[in-house]
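Enquirer: Have a look at the structure that comes next, please.
Coordinate-derived values only; no laboratory data. Just so we're clear, the structure is a prediction, and the values are computed from it rather than from any experiment. Here Cβ is always computed from backbone atoms with ideal geometry, including for glycine, and neighbour counts include all displayed protein chains.
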Amino acid sequence: MSMTITSRAFAHNEPMPKLYTCEGSDISPPLAWSGVPANTKSLVLIVDDPDAPDPAAPEMTWVHWLLYNLPASSTGLPEAVKSLPVGTLEGINDGQCTGYGGPCPPIGRHRYFHKLYALDVVLPDLKIPTKSALELAMQGHVVAEAQLIGTYQKGR
């Protein structure tokens, strides 16, 4: 069985509810995963938007959430997560803070990639890494990956 990541709040490639965005409560959506390989030692979750600032002319990938060292035994995160599983560490998002920063696209419909990686190691404490530092630490240790894409466009 291959690893999967899903949400009961939205289907793959479908719109994310406003609740999880800057126009709503800006809370993290519920996420669930399964099929984590037996040799997994930790999980990494990266949520980002490759369509920033304008999907017609993207210039950067905006990072919304970075979590690492999620326990391999974990099966997801609840809506509006307040306490992370024991051992889980956070990175810094492009809002220059830790935690979830929901979709808030300035123009057009953006895609939000919820990427889950299974690693064959528990990473050292990277001291609130950026996405690039986290990806560098992950190199050579990814044993499986899955993704869930949600979309969002601000109301007019």
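Enquirer: From the set of residues in region 105-126 that are surrounded by 18 or more Cβ atoms within 10 Å (Cβ to Cβ) and among the hydrophobic types (A, V, I, L, M, F, W, C), which is nearest to P37 (Cα to Cα)?
Expert: The residue in question is A118.
Enquirer: Return a yes/no flag: does region 127-135 have any residue that is surrounded by fewer than 15 Cβ atoms within 10 Å (Cβ to Cβ) and in a loop (DSSP other than H, G, I, E, B). Don't jump to the end; show me each part of the working.
Expert: Let us first name the residues in region 127-135 that are surrounded by fewer than 15 Cβ atoms within 10 Å (Cβ to Cβ), namely 127-128, 132.
Narrowing the set further to residues that are in a loop (DSSP other than H, G, I, E, B) leaves 127-128.
Yes, some residue in region 127-135 is surrounded by fewer than 15 Cβ atoms within 10 Å (Cβ to Cβ) and in a loop (DSSP other than H, G, I, E, B).
Enquirer: Is it the case that some residue within region 53-67 is more than 12 Å from the chain's Cα centre (by Cα), among the polar types (S, T, N, Q) and over 22 Å from H12 (Cα atoms)?
Expert: Residues of region 53-67 that are more than 12 Å from the chain's Cα centre (by Cα), as a first pass: 53-61.
Okay, now just the ones that are also among the polar types (S, T, N, Q), so 61.
Still in the list and also over 22 Å from H12 (Cα atoms): none.
No.
Enquirer: Pick from region 44-97 the residues that are of a type in the set (V, I, T) and outside any strand (DSSP E or B): which of them is surrounded by the fewest Cβ atoms within 10 Å (Cβ to Cβ)? Show your work before the answer.
Expert: Here is the first cut: in region 44-97, the residues of a type in the set (V, I, T) are 44, 46-47, 61, 63, 75, 81, 86, 88, 92.
So of that shortlist, the ones also outside any strand (DSSP E or B) come out as 75, 81, 86, 88, 92.
Values: T75: 11, V81: 19, V86: 9, T88: 19, I92: 18.
For region 44-97, the residue satisfying everything is V86.
Enquirer: Which members of region 107-126 meet the condition of being assigned to a loop (DSSP other than H, G, I, E, B) and farther than 16 Å from Y20 by Cα? Don't jump to the end; show me each part of the working.
Expert: First pass over region 107-126, keeping only residues assigned to a loop (DSSP other than H, G, I, E, B): 107-109, 120-126.
Those that are assigned to a loop (DSSP other than H, G, I, E, B) and farther than 16 Å from Y20 by Cα: I107, G108, D120, V121, V122, L123, P124, D125, L126.
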